[in-house]
1. Give the residue, chosen from 197, 210, that is part of a helix (DSSP H, G or I) and either more than 24 Å from residue 3 (Cα to Cα) or at pLDDT 95 or above (or both).
2. Does region 200-208 include one or more residues that are in contact (Cβ under 8 Å) with a residue 12 or more places away in the chain, surrounded by 22 or more Cβ atoms within 10 Å (Cβ to Cβ) and in contact with a helix residue (DSSP H, G or I) (Cβ under 8 Å, 6 or more places away or on another chain)?
3. Can you confirm whether region 88-105 contains a residue that is within 16 Å of ligand 1 (Cβ to nearest atom) and either at pLDDT 95 or above or touching a strand residue (DSSP E or B) at 6+ places or on another chain (Cβ under 6 Å) (or both)?
4. Quick check: is even one residue across region 64-73 within 16 Å of ligand 1 (Cβ to nearest atom), outside any strand (DSSP E or B) and closer than 25 Å to residue 253 by Cβ?
5. How many residues are within 16 Å of ligand 2 (Cβ to nearest atom), more than 19 Å from residue 93 (Cα to Cα) and free of Cβ contacts under 8 Å to residues at least 60 places away in the same chain when one looks only at region 31-72?
6. For residues that are over 20 Å from residue 255 (Cβ atoms), more than 16 Å from ligand 1 (Cβ to nearest atom) and surrounded by 14 or more Cβ atoms within 10 Å (Cβ to Cβ), tally how many sit in region 176-194.
7. Quick check: is even one residue across region 74-81 surrounded by fewer than 24 Cβ atoms within 10 Å (Cβ to Cβ), within 16 Å of ligand 2 (Cβ to nearest atom) and part of a helix (DSSP H, G or I)?
Ligand SMILES: [Zn+2]
Ligand SMILES: [Zn+2]
């Protein structure tokens, strides 16, 4: 299984997951030129794209979807709630409705949506399974609810939101309602929440963890990394934790390309 986070953050999100038989994007929050530039930078420009899966209908996850789906004539998989959030639906060549907990099988890839807590109509994360490898993507969620945990278990890779440092939000210049939204259970996941997951619920199977959707104003890559690494070190000790690699994602450039 191949995984690359092509872009992540409040200005545009897109992740590629591919097997030897099929290749899908999760979200597409930037336009065709930006997508092509990222695919080139990741040396993935020849990767055929077969479908787009949407987590939710916020602009940073959907702005490029209609144009690319129409150009490539590929299906878009989304929940009924997200369907209502999309515009220009008549331009989409094919829409497939998702139901949380029900896997979609595309060739050798199984994609299971799972419900997450976020202030969109019907947001989901995704669990991917193929070729004996499993991974999950959970971004744009205010908290890791108990129902999410089974989907993050027995994974070889995880993409987890590490949006903000709570102190930077509290001390920052955002208007109070925006601060309250970010910190709420339907907002975005903090570095602290990710550290809590890694130090308590994480099953330690995944050897690759991507930290995603980092805020430019309320976080730094160093803070997000330090917080997650400290949680792993505290739980497993310095001897074990190097086996679990933390990877940063970026708003403007692709992450490393994982081939598992
Ligand atoms: Zn987002
Ligand atoms: Zn969102």
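The values are calculated or read from the model by the stated rules, or taken from the named source; none is laboratory data. Keep in mind the model is a prediction, meaning the values are calculated, not measured. All Cβ positions, even for glycine, are placed from backbone atoms using ideal geometry, and neighbour counts span all protein chains on display.
1. 197
2. The answer is yes; a qualifying residue exists.
3. no
4. Taking region 64-73 and keeping what is within 16 Å of ligand 1 (Cβ to nearest atom), we get 64-65.
Those left that are additionally outside any strand (DSSP E or B): 64-65.
Adding the requirement that they be closer than 25 Å to residue 253 by Cβ leaves 64-65.
Yes: region 64-73 contains one or more residues that are within 16 Å of ligand 1 (Cβ to nearest atom), outside any strand (DSSP E or B) and closer than 25 Å to residue 253 by Cβ.
5. Matching residues across region 31-72 total 2.
6. Total satisfying the criteria: 2.
7. Yes, region 74-81 contains a residue that is surrounded by fewer than 24 Cβ atoms within 10 Å (Cβ to Cβ), within 16 Å of ligand 2 (Cβ to nearest atom) and part of a helix (DSSP H, G or I).
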